[in-house]
Amino acid sequence: MHLPHTRRRPAGRGTGSPRRWRLATLLGLALLLPFLTGHSAQAEPVTVPNGTQFTDTAGNPLHAHGGGILEVDGYYYWFGENRHDDNNGFRYVSAYRSTDLKNWEFRNHVLTQQSDPELARANIERPKVIYNESTGQFVMWMHKENGQDYSEARAAVAVSDTVDGDYSWQGSFRPLDHMSRDITAFVDTDGTGYMVSAARENYDLHIYRLTDDYTDVAELVANPWPGGHREAPALFQRDGVYFMLTSGATGWDPNQQRYATATSLDGEWSEMRDVGDATGFDSQTTFVLPIQGTEATSYLYMGDRWGNASGGLVNDSEYVWLPVEFPDSRTMALSWTPHLTIDTTAGTVAPAP
Ligand code: DGJ
């Protein structure tokens, strides 16, 4: 990034010597740097335990299951499912924020049963929020069911003018008449929005281009693994290569996770290849977070160890986070670590010693 040129005052006029002037300019630029660089998160390194439940900074259980993270003005905002503790039905999409990815401040239940009559009894799964630069709106995409079974297979949209405000329900629908279950949303480097969801009883995984305001589907751009029976998509981009990480479809039970790569979202995708162990270290993927810092950009795998797989409910689930390793530009790897060290300032994630 180019910093603006500063004009040097002629010596002997105005306030002070050229040297003092240069020092003042440098100090000013140093103070401005966080704003000029887009408010990246700044925090001390932290150690995060793996395969556990988390609490927020008020000491309450942190419920953001099947969730995703969006970085805004120096904070990571985490949105996810916060279900009823008795019947597992939709209660809230909750939002928390953090600078270090360990200390999470509860912000708001951004979508509730009262947000719309359609949500009074429902199932809302895998909410993901993206920001639209041109409209200035935050757009949430999610999977919506009727709260009784999984027959609706709809995508749904809600929007807000602020990242953690009350989101306004825009409705649910089948994108271009396709069934739509497990879902994610993604903004490409050129600002084009995409939604990815499981179609045809989960046998296909569709990549849709969104309309300019991100609130609707414009076009089905790819169905790269027909019959693949994949769910839980997490899409990210690294050095011009797109990675699509997925699980198999075995309900709440974890299974072998697989991924594919491409150099364009609507282009040629590779076959799916295994990653991690046979059960995703007992978890199902929900999101991969790029952590961009002063030293590096690292990628954090976020998965859910569903409580439902061991006789519990979604709110009994544990979070499994892992550093993503890249043996080469088109290959990713995941290994278990009991604790992670995360440094959001530097942009590093590593197994804790
Ligand atoms: C697997 C999905 O990934 C979850 O989000 C949830 O829909 C369960 N299936 C329900 O069985």
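Could you look through segment 282-293, keep only residues that are within 16 Å of the ligand (Cβ to nearest atom) and either free of Cβ contacts under 8 Å to residues at least 12 places away in the same chain or of a type in the set (S, T, N, Q) (or both), and pick out the one that is farthest from VAL221 (Cα to Cα)?
The residue in question is SER283.
Residue by residue, here is whether (1) assigned to a strand (DSSP E or B); (2) within 14 Å of the ligand (Cβ to nearest atom) holds:
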site	(1), (2)
GLY280	no, yes
GLU295	no, no
LEU300	yes, no
ALA309	no, yes
SER335	no, no
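Identify the residue in segment 243-257 that is under 19 Å from GLY227 (Cα atoms) and part of a loop (DSSP other than H, G, I, E, B) and, among all such residues, is nearest to the ligand (Cβ to nearest atom).
GLY251
Testing TRP141 on (1) crowded, with 20+ Cβ neighbours inside 10 Å; (2) on the phi > 0 side of the Ramachandran plot, one condition comes back false. Which one is that?
All conditions are met except number (2).
Kindly indicate whether LEU265 is in a strand (DSSP E or B), more than 16 Å from the ligand (Cβ to nearest atom) and crowded, with 19+ Cβ neighbours inside 10 Å.
It is false that LEU265 is in a strand (DSSP E or B), more than 16 Å from the ligand (Cβ to nearest atom) and crowded, with 19+ Cβ neighbours inside 10 Å.
Here are some conditions: (1) modelled with pLDDT of 95 or more; (2) assigned to a loop (DSSP other than H, G, I, E, B). ASN87 meets all but one. Which one does it not meet?
So the condition that ASN87 fails would be (1).
Identify, please: which residue in segment 146-163 is among the β-branched types (Val, Ile, Thr) and part of a strand (DSSP E or B) and is, among those, nearest to the ligand (Cβ to nearest atom)?
In this case the residue turns out to be VAL157.
Checking ALA218 against (1) free of Cβ contacts under 8 Å to residues at least 12 places away in the same chain; (2) within 16 Å of the ligand (Cβ to nearest atom), which single condition isn't satisfied?
The failed condition is (2).
The values are calculated or read from the model by the stated rules, or taken from the named source; none is laboratory data. Please read all numbers here as calculations on a predicted model, not as lab measurements. With ideal geometry, Cβ positions are generated from the backbone for all residues, glycine too; neighbour counts draw on all protein chains shown.
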